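For reference, the structure discussed in these notes is given below.
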């Protein structure tokens, strides 16, 4: 439910023949996350069967997904055109987190996505992901992953006839979507670092 409970749960892990992989947000500009991550690392330090998977944030995993825009929007989608600035902000954010932020890129990001002015990169990632996916089957916020990320295509429970996305032709299964998300996002590198 939260990072504090994650630390408590980790402290109870024993050598039981299982391997535990813990994914926790590690956004370096969020003091709360850094504090909880430090606690988690202390708790897990002596546990040989616990590995911490380093990801910036859950939302950033989805923003880093190479095919995000192709999945969410159909080719000539009017919504895609309306969200062009948000799509550019996504490109900037992914570049800044993966390579490093320059003053110029940060200024450009704040110009395109004013929310970035007074928030940390994890909060920006969450708001940007929601803004891009809003009113689609992929709509994702802090509490809920969009149905179209986890279900086979066209199983979106409130799908209307005119709701189309970039997967309208290919119609991927839930399993195919999971594989794509693992292969074409920062998860691939993060999981490889812990031997997965």
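I'd like to check which helices (runs of 4 or more DSSP H) are fully inside region 116-194 and have at least 3 residues that are closer than 24 Å to residue 81 by Cα.
121-133, 147-150
Take the residues in region 143-161 that are within 23 Å of residue 24 (Cα to Cα) and free of Cβ contacts under 8 Å to residues at least 60 places away in the same chain; name whichever of them is surrounded by the most Cβ atoms within 10 Å (Cβ to Cβ).
146
From the list 15, 40, 23, 51, which residue is at pLDDT below 95 and loosely packed, with under 14 Cβ neighbours inside 10 Å?
15
Can you tell me which residue among 70, 75, 66 is modelled with pLDDT of 95 or more, out of contact with any helix residue (DSSP H, G or I) (no Cβ under 8 Å at 6 or more places or on another chain), surrounded by fewer than 16 Cβ atoms within 10 Å (Cβ to Cβ) and not in a helix (DSSP H, G or I)?
Of 70, 75, 66, the one residue that is modelled with pLDDT of 95 or more, out of contact with any helix residue (DSSP H, G or I) (no Cβ under 8 Å at 6 or more places or on another chain), surrounded by fewer than 16 Cβ atoms within 10 Å (Cβ to Cβ) and not in a helix (DSSP H, G or I) is 66.
Determine which member of the set 117, 173 is without any contact (Cβ under 8 Å) to a residue 12 or more places away in the chain and either assigned by TED's automatic domain parsing to the domain that holds residue 85 or touching a helix residue (DSSP H, G or I) at 6+ places or on another chain (Cβ under 9 Å) (or both).
117
Could you please find all residues in region 38-60 being assigned to a loop (DSSP other than H, G, I, E, B) and touching a residue at least 12 places away in the same chain (Cβ under 8 Å)? Spell out how you get there, then give the answer.
Restricting attention to region 38-60, the residues satisfying the condition of being assigned to a loop (DSSP other than H, G, I, E, B) are 45-49, 56-57.
Those that are assigned to a loop (DSSP other than H, G, I, E, B) and touching a residue at least 12 places away in the same chain (Cβ under 8 Å): 47, 48, 49, 56, 57.
Does residue 127 satisfy the condition of being touching a strand residue (DSSP E or B) at 6+ places or on another chain (Cβ under 7 Å) and closer than 25 Å to residue 109 by Cβ?
Spelling it out, it is not the case that residue 127 is touching a strand residue (DSSP E or B) at 6+ places or on another chain (Cβ under 7 Å) and closer than 25 Å to residue 109 by Cβ.
Identify, please: which residue in region 1-37 is part of a loop (DSSP other than H, G, I, E, B) and more than 20 Å from the chain's Cα centre (by Cα) and is, among those, nearest to residue 56 (Cα to Cα)? Spell out how you get there, then give the answer.
First pass over region 1-37, keeping only residues part of a loop (DSSP other than H, G, I, E, B): 1-2, 12-19, 26-30.
With the extra rule that they be more than 20 Å from the chain's Cα centre (by Cα), the set shrinks to 12-19.
Working: 12: 25, 13: 24, 14: 27, 15: 28, 16: 29, 17: 29, 18: 25, 19: 22 Å.
Selected residue: 19.
Of everything in region 98-111, what is within 20 Å of residue 62 (Cα to Cα) and modelled with pLDDT of 85 or more? Give them in sequence order.
Residues satisfying the conditions are 98, 99, 109.
Can you tell me which residue within region 180-192, out of those that are surrounded by 12 or more Cβ atoms within 10 Å (Cβ to Cβ) and free of Cβ contacts under 8 Å to residues at least 24 places away in the same chain, is farthest from residue 67 (Cα to Cα)?
Of everything passing the filter in region 180-192, 189 is farthest from residue 67 (Cα to Cα).
Quick check on region 92-108. Is at least one of its residues assigned to a loop (DSSP other than H, G, I, E, B), touching a helix residue (DSSP H, G or I) at 6+ places or on another chain (Cβ under 8 Å), under 17 Å from residue 187 (Cα atoms) and touching a residue at least 60 places away in the same chain (Cβ under 8 Å)?
Taking every residue of region 92-108 in turn, none turns out to be assigned to a loop (DSSP other than H, G, I, E, B), touching a helix residue (DSSP H, G or I) at 6+ places or on another chain (Cβ under 8 Å), under 17 Å from residue 187 (Cα atoms) and touching a residue at least 60 places away in the same chain (Cβ under 8 Å).
The values are calculated or read from the model by the stated rules, or taken from the named source; none is laboratory data. Small disclaimer: the values here were computed from a predicted structure and weren't measured. Cβ coordinates were reconstructed from backbone atoms using ideal geometry, including for glycine residues, and neighbour counts include every protein chain displayed.
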